[in-house]
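Enquirer: Handing you a structure now.
The values are calculated or read from the model by the stated rules, or taken from the named source; none is laboratory data. Computed from a predicted structure; not experimentally measured. No Cβ is skipped: glycine too gets one built from the backbone with ideal geometry, and neighbour counts run over all protein chains shown.
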Amino acid sequence: AGGGVGGGGGGVAEVRPGDWLCRHCANHNFADKTHCNRCKAPIATALGQMSTQASRASGSWSASPLHQRQRTVGPPASDGAAQFEIRSAPFLAKGLGPALAAEHSGLRWAGNASLHFDPVADWPSVERAAPLGQLPLLTVPGESGWATSPFARAGDESGVQIALPAAIVNYIGKVSGLEGGSAEAFGLSQQLLAEGEELLGLAARHLPTPHARLSDPQSGVHTAKGTAAEYARFWATLLPPHIGRLARFCRGGSFQPPPTTTPLAGELHLWAVLYQLQLIERNLFASYEELAAWFDRVRTAPATQRVISGSSPMGELAPYFLPLESADICTLADERF
């Protein structure tokens, strides 16, 4: 009886070939259903480009042993409580990707602004629960309508805790469907996410921030950053090959065939890093029309606009990577050796 297995407040469900996940309410529906059993959305609307545990298409991939049992998402609490929370440092750097994934997910979430979280004053009390002792941190509250994770330690009343931007983005992708609707889409998403992580690492090594200036050995300044010459090398030599390869990968203005209005989780994480670089170098995509078209399509999406305008639950996030001439360099610290 019934047509869904995720509508009873969560739990563990057997995922069978053909079963599908509703993009609107995250309900897991049986293969023979033409409408979502919970929200009644027709399958064409409910599926969109979102993830399914086994594609309905004939001859498509079947659920592997890794996918045979998964924790399904229960409905949100009736009082409108957040389904998950994200706390971040007040900067774009590592906070933008998770915030974008959360806002594009369609799920109910809370962030710095809606939680009234002060990253400086409140961090000591949060740090004790953070698995890796750093922000950003995603929390699935213990009192939420989500199923209790088997990974939660006994006596841990704070719920599930996930750190590191890539892990947070992947978690949101998994529970919302932004991970991709097929094995191929999932692989694509992961490639773009990994490229975003690589670019984030390059930026962290070569660009000044509110905490660290560039090294200047002649003046006795030694930081974790390179010198002004290496800053110039980043823009002239290190970054262009990455942009060129992404441009070749982005055919017809899209990484997905065909272009869609629903970015994958990995696309959002990559976009978050490119957005920060484009704030410094406005002509970053000047020679790459199709990559620029993809970038603008994600930028103009309502969910993206809410995040970068500061009107999402995360609130405002300040630039972290700064141009060489910025007056904001080392305004918060001066991290020298």
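Enquirer: Find the residue count for segment 224-241, including only residues that are closer than 14 Å to Gly201 by Cβ and β-branched (Val, Ile, Thr).
Expert: So the count comes out to 0.
Enquirer: Just need a number here: residues in segment 280-307 that are touching a Leu at 6+ places or on another chain (Cβ under 8 Å) and over 22 Å from Gly252 (Cα atoms).
Expert: Here the count works out to 3.
Enquirer: Quick one: Thr260 ticks every box in (1) under 27 Å from Ala167 (Cα atoms); (2) at pLDDT 95 or above bar one, so which box is it?
Expert: That leaves (2) as the condition not met.
Enquirer: Are there any pairs with C-beta distances below 6 angstrom linking a residue in segment 129-143 that is in the same structural domain as Pro165 (by TED's automatic domain parsing) and among the hydrophobic types (A, V, I, L, M, F, W, C) to a residue that is assigned to a loop (DSSP other than H, G, I, E, B) and at pLDDT 90 or above, with the two at least 6 apart or on different chains, and if so which?
Expert: Leu135/Ser88; Leu135/Ala89
Enquirer: How many of the residues making up segment 247-286 are surrounded by 14 or more Cβ atoms within 10 Å (Cβ to Cβ), of a type in the set (A, V, I, L, M, F, W, C) and within 25 Å of Leu322 (Cβ to Cβ)?
Expert: Counting residues in segment 247-286 that are surrounded by 14 or more Cβ atoms within 10 Å (Cβ to Cβ), of a type in the set (A, V, I, L, M, F, W, C) and within 25 Å of Leu322 (Cβ to Cβ) gives 11.
Enquirer: In addition: Report, ordered by the first and then the second residue, all pairs with beta carbons closer than 6 Å, sequence separation of six or more or different chains, a first member in segment 223-234 that is of a type in the set (D, E, K, R), and a second member that is assigned to a helix (DSSP H, G or I).
Expert: So the pair list comes out as Glu230/His206.
Enquirer: Is it true that Pro302 is in the same structural domain as Thr262 (by TED's automatic domain parsing), farther than 19 Å from Val273 by Cβ, at pLDDT 95 or above and not hydrophobic (A, V, I, L, M, F, W, C)? Lay out the reasoning, then the answer.
Expert: Values: in the same structural domain as Thr262 (by TED's automatic domain parsing): yes; farther than 19 Å from Val273 by Cβ: yes; at pLDDT 95 or above: yes; not hydrophobic (A, V, I, L, M, F, W, C): yes.
Spelling it out, Pro302 is indeed in the same structural domain as Thr262 (by TED's automatic domain parsing), farther than 19 Å from Val273 by Cβ, at pLDDT 95 or above and not hydrophobic (A, V, I, L, M, F, W, C).
Enquirer: Here's another thing I want to ask about it. Suppose we filter segment 268-285 for residues that are β-branched (Val, Ile, Thr) and either closer than 16 Å to Gly244 by Cα or in the same structural domain as Ala93 (by TED's automatic domain parsing) (or both); how many remain? Quick ask: steps written out before the conclusion?
Expert: Within segment 268-285, the subset β-branched (Val, Ile, Thr) is 273, 280.
Of the ones still in play, those that are also either closer than 16 Å to Gly244 by Cα or in the same structural domain as Ala93 (by TED's automatic domain parsing) (or both) are 273.
Selection size over segment 268-285: 1.
Enquirer: So, one more: If I ask for residues that are modelled with pLDDT of 90 or more and not in a helix (DSSP H, G or I), which ones from segment 149-179 would you list? Explain how you work it out, then say what you get.
Expert: So in segment 149-179, the residues modelled with pLDDT of 90 or more come out as 162-179.
Scanning segment 149-179 gives Ile162, Ala163, Leu164, Gly177, Leu178, Glu179.
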